[in-house]
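Peer 1: Take this structure first; my questions come after.
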Amino acid sequence: MKIYFAGPLFTPYEREYISKSAQVLRENGIDPFVPHESPKVELPDDTRSRAKRCFDNDFKGISEAHAMLAIVNGTEVDDGTAAEIGIFYALMKTDPAKKGIVALHNDFRTGEAGEGKGLNSFVLGCLREVGVICKTVEEALEHLKAWKQALSDEGVLQEEEAAA
């Protein structure tokens, strides 16, 4: 099963956490698209801006994914992550092979016991409608495995493998 792994990736710590979490997913049969691990081949004739190349690359990852794992930590959801959540949500409306969004929210500064504010209400509503919010990578993995089993039971994964 392919997933899109959304989250802030602007510090070495954020990228390392996402990469280590992605490795756990891979070890459990989940194929994550990780934006910062995606090869960025610059072609000499490519006149697109850096932003357009980033959008095209990541949109392709989102559109090919069966599910999304999104890190929503911090006192504000990363704006790119929020956009990716919204795009995946919209694509789910017309693609039955898209199972949902698993949000990973394990930041003690926010939520019921934290001092900061919780998730943006619009993002939270989106997540609750099509997914689940988890506190650990292991909990998120269990939901992704269940969706992978559902795709297998529906024959979706077999059809995609045969087409590839």
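No lab work stands behind these numbers, since they all come straight from the coordinates. Since this is a predicted model, take the numbers as computed values, not measurements. Ideal geometry is used to build each Cβ from the backbone, glycine not excepted, and the neighbour counts take in all protein chains shown.
Peer 1: Please name whichever of Met92, Ile71, Phe55 sits farthest to the positive end of the charge dipole of the range 55-111, dipole taken about the Cα centre and charges placed at Cβ: Lys and Arg +1, Asp and Glu -1.
Peer 2: With unit charges placed on the Cβ atoms, the residue in question is Met92.
Peer 1: Quick one: net charge around Val72, please, counting Lys, Arg +1 and Asp, Glu -1 for every other residue with C-beta under 10 Å from its C-beta. Could you put the intermediate results ahead of the total?
Peer 2: Details: positive: none; negative: Glu76, Asp78, Asp107.
So the surrounding residues net to -3.
Peer 1: Cut-off 18 Å, label point 7 angstrom out along Cα-to-Cβ of Ser63: give me the residues of the range 73-100 whose amide nitrogen falls inside.
Peer 2: It comes to 83-99, nothing else.
Peer 1: Continuing with this model, one more query. Sort 28-37, 153-162 by packing, meaning the average of other beta carbons within 10 Å per residue, with the highest value first.
Peer 2: Numbers: 28-37: 17.3, 153-162: 12.1.
Order by mean packing, descending: 28-37, 153-162.
Peer 1: Output wanted: per-residue J couplings in Hz (rounded whole) for the range 138-151, from phi through Karplus 6.51 cos²θ - 1.76 cosθ + 1.60, θ = phi - 60°, x for Gly and Pro.
Peer 2: Values, residue by residue: 5, 5, 4, 4, 4, 5, 5, 4, 5, 5, 4, 4, 4, 4 Hz.
Peer 1: Quick one: Debye curve from the C-alpha atoms of the range 19-73, no solvent, what's log10 I(q)/I(0) at q = 0.30 Å⁻¹?
Peer 2: Normalising to I(0) and taking log10 leaves -1.31.
Peer 1: Mind checking which lysines have their Cα closer than 21 Å to the Cα of Lys60? Skip sequence neighbours fewer than 8 apart in that chain.
Peer 2: Within reach: Lys2, Lys40, Lys52, Lys93, Lys98, Lys99, Lys148.
Peer 1: Pop out the ³J(HN,Hα) list for the range 157-164 in order, Karplus 6.51 cos²θ - 1.76 cosθ + 1.60 with θ = phi - 60°, rounded to Hz; leave Gly and Pro as x.
Peer 2: Whole-Hz 3J(HN,Hα) from phi for the range 157-164: 5, 5, 4, 5, 5, 5, 6, 7.
Peer 1: May I pose another question? Given contacts defined as C-alpha pairs under 8 Å and at least six residues apart, what's the relative contact order of the range 10-153, whole-number percent? Present the calculation step by step, with values, prior to reporting the outcome.
Peer 2: On the way: 141 pairs, mean separation 30.2, N = 144.
The normalised contact order for the range 10-153 reaches 21 percent.
Peer 1: Another one. With a point put 7 Å past each Cα toward its Cβ, work out how far Ser38 is from Glu142 in nm, to one decimal.
Peer 2: Those two pseudo-labels are separated by 3.1 nm.
Peer 1: log₁₀ I(q)/I(0) of the chain at q = 0.09 Å⁻¹, via Debye over equal Cα point scatterers, no solvent, to two decimals?
Peer 2: After summing over all Cα pairs, the log10 values are -0.30.
Peer 1: Considering the Cα positions of the range 117-164, please state its Rg to one decimal place and its Dmax as a whole number of Å.
Peer 2: For the range 117-164, the Cα radius of gyration and maximum Cα-Cα distance read 14.7, 47 Å.
Peer 1: Quick query: amide H of Leu104 versus all other amide H atoms, modeled in the peptide plane; which residues come in under 5 Å with a sequence gap of 5 or more or a different chain?
Peer 2: HN-HN under 5 Å from Leu104: Ala70, Ile71, Val72, Cys134.
Peer 1: Peptides 96-104, 142-150, 59-67, 118-126: what's the order by average Cβ count within 10 Å, highest mean first? Intermediate results must be reported in sequence, preceding the final value.
Peer 2: On the way: 96-104: 21.4, 142-150: 16.8, 59-67: 18.7, 118-126: 15.0.
Going from most to least packed, we get 96-104, 59-67, 142-150, 118-126.
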